[in-house]
Amino acid sequence: MEKNNTLIDQARRSFFGKVAAATGVAVAPGMVLFQVAQAKPAAIAVTDKVRWGMLINTTKCADGCDACVTACQNEYGWGPESEPHSAPNQRAQWIRKVKLTDKATGHVQTLPLMCQHCEIPPCVDVCPTGASMKRADGIVLVDKHICIGCRYCMMACPYKARSFVHEDLRDQNVNAPRGKGTVESCTMCVQRVDNGGIPACVEACNAENHNAMFFGDLNDPESEISKELAANGGEQIRADLGLNTGVRYQGI
Amino acid sequence: MSLRQVSQKLVMVAAGLLLALPLYAGEVPSPVIPEAKAKANEEFGCVEPVTEMRKNHMKFIMHQRDDTMREGIRTSKYSLAECINCHVVAGEDGNYARYGEDKHFCSTCHTYAAVNIDCFGCHRDTPEAAKPGKALTDTANPHHNDVAFNQQSSLTKESGLTLPAGGAE
């Protein structure tokens, strides 16, 4: 029985692995793409013609560099100063650097881990109010207006990407309203993206000249991210869960 | 004094108070609503006629919030941030008045009408920040004015690199 399960697991993994590698191109034939590189007009709603995603090359991600984390903190105001009364493991954390060491070889890898913006997000499945939601363009968000702070989504998320705000806040960023009693996570810098920009972490990584992060439209075969995925592939973390994440990794 | 006499007296006092109420009602000052910085619309000043705004501003904001949040529609006409940017008032210390202070645009009416709003639990109540995400450490929150604790926690500033050991509740 044990053996059978393992075999099935492996089959699923390799299947999802192939799907992951193929997604970038498979969408292309027969599809008319209206996606534009410029900002969408403010009054127009987002559509599912676009699926925003990220690709992270862990071989370029430098050990000891936390530019992406710092950029996110500056942009949205989370971190030690935001919740001074909470324990470090209680505080909101939208993005974190994870360090992996292979004990056998001593090989060290680091990678940024944040909301993976799943196509089938478990956090949205379990939300009792509809606050946890996925936009048409694939960005997974929390609608804090109707979030009741039950934290089911935090338990459902396999990536531990969501946090709960425990303290009263003030002077938030105009673009990032956040407050006590609600859950929050990486928004893929949704307000920047809507205005034609790129996420703050990607910008910071490029500014450091590491260029480990790509941001772009997974539905557009001509986008930089799709070309890179088609050429060199990209793995999902926990691909076995079949969530079709919008964030992909190379070199893991 | 018997119990009966006491209760009769109480009824009389209560009746007297009720009769006096209309006299006091006239003395509650009407809220002084701060002027906007600019005219959003030449014809009626605000984005909609003032009477319409007084009655329905919450509906405009509510629709805008759902459109922006769920559809990514980022027009500024009914955005809360624009209300704040335009109806901004300097408080007594020269800084912008905050929600809860008498001079804040939203507070003026909401205090008068005793209507409590949650907007500013998450949204900032003043125009654009120099430094976002500051904790509420002043006397506005009686539980969060422990100066010693605040200083200590700012010393133990940790980098974003640490992975939470336990459950990130």
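The values are calculated or read from the model by the stated rules, or taken from the named source; none is laboratory data. Small disclaimer: the values here were computed from a predicted structure and weren't measured. Cβ placement follows ideal geometry from the backbone for every residue including glycine, while neighbour counts extend to all protein chains displayed.
Things to note:
- Selection status of residue A:230, touching a residue at least 60 places away in the same chain (Cβ under 8 Å), out of contact with any Cys (no Cβ under 9 Å at 6 or more places or on another chain) and among the small types (Gly, Ala, Ser): yes
- The lone criterion from (1) in contact (Cβ under 8 Å) with a residue 60 or more places away in the chain; (2) under 27 Å from residue A:126 (Cα atoms); (3) assigned to a loop (DSSP other than H, G, I, E, B) left unmet by residue A:249 is number (3).
- Residues in the stretch A:161-176 that are at the interface with another protein chain (Cβ under 7 Å from one of its Cβ atoms), in contact with a strand residue (DSSP E or B) (Cβ under 7 Å, 6 or more places away or on another chain) and of a type outside the set (Asp, Glu): 3 in all.
- Odd one out for residue A:117, checked against (1) on the phi > 0 side of the Ramachandran plot; (2) at pLDDT below 90; (3) of a type outside the set (Asp, Glu): (2)
Quick grid of which residues meet (1) farther than 19 Å from residue B:64 by Cα; (2) in contact (Cβ under 8 Å) with a residue 60 or more places away in the chain:
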residue: A:145; (1), (2): no, no
residue: A:151; (1), (2): yes, no
residue: A:163; (1), (2): yes, yes
residue: A:180; (1), (2): yes, no
residue: A:190; (1), (2): no, no
residue: A:193; (1), (2): no, yes
residue: A:199; (1), (2): yes, yes
residue: A:207; (1), (2): yes, yes
residue: A:219; (1), (2): yes, yes
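- Where residue A:208 falls short, out of the listed (1) farther than 23 Å from residue B:122 by Cβ; (2) touching a Lys or Arg at 6+ places or on another chain (Cβ under 9 Å); (3) of a type in the set (D, E, K, R): (2)
- Scanning the stretch B:105-138 for residues that are modelled with pLDDT of 85 or more and out of contact with any Pro (no Cβ under 8 Å at 6 or more places or on another chain) yields a total of 15.
- Members of the stretch A:54-84 found to be more than 7 Å from chain B (Cβ to nearest Cβ) and touching a His at 6+ places or on another chain (Cβ under 7 Å), listed by number: A:60, A:61, A:62, A:65
- Of all residues in the stretch A:140-159, exactly one satisfies the criterion of being part of a loop (DSSP other than H, G, I, E, B) and closer than 10 Å to residue B:70 by Cα, namely A:143.
- If you go through the stretch A:123-157 and keep only what is away from chain B (no Cβ under 13 Å) and either touching a Leu at 6+ places or on another chain (Cβ under 7 Å) or buried (at least 19 other Cβ atoms within 10 Å of the Cβ) (or both), you end up with A:123, A:127.
- Where strands (runs of 3 or more DSSP E) sit wholly within the stretch A:32-138, those with at least 2 residues that are touching a residue at least 24 places away in the same chain (Cβ under 8 Å), under 22 Å from residue A:194 (Cα atoms) and within 19 Å of the chain's Cα centre (by Cα) occupy A:52-57.
- Selection within the stretch B:40-85 - surrounded by 16 or more Cβ atoms within 10 Å (Cβ to Cβ), outside any helix (DSSP H, G or I) and of a type in the set (Phe, Trp, Tyr): B:78
- Taking the conditions (1) farther than 20 Å from residue A:176 by Cβ; (2) surrounded by 15 or more Cβ atoms within 10 Å (Cβ to Cβ); (3) not hydroxyl-bearing (Ser, Thr, Tyr) in turn, residue A:199 satisfies each one other than (1).
- Hey, residue A:214 more than 7 Å from chain B (Cβ to nearest Cβ), touching a residue at least 40 places away in the same chain (Cβ under 8 Å) and of a type in the set (Phe, Trp, Tyr) or not: yes
- Enumeration of residues in the stretch A:93-118 that are over 15 Å from residue A:161 (Cα atoms) and of a type outside the set (Val, Ile, Thr): A:99, A:100, A:102, A:103, A:104, A:106, A:107, A:109
- Residue selected from the stretch A:237-252 under the condition touching a Phe, Trp or Tyr at 6+ places or on another chain (Cβ under 7 Å) and of a type outside the set (Val, Ile, Thr), by the criterion nearest to residue A:100 (Cα to Cα): A:239
- Any hit, the stretch A:177-196, residues being surrounded by fewer than 21 Cβ atoms within 10 Å (Cβ to Cβ), more than 11 Å from chain B (Cβ to nearest Cβ), at pLDDT below 95 and in a loop (DSSP other than H, G, I, E, B): yes
- Between A:252, A:237, A:225, the distinction of being more than 14 Å from chain B (Cβ to nearest Cβ) and either under 28 Å from residue A:86 (Cβ atoms) or hydroxyl-bearing (Ser, Thr, Tyr) (or both) belongs to A:237 only.
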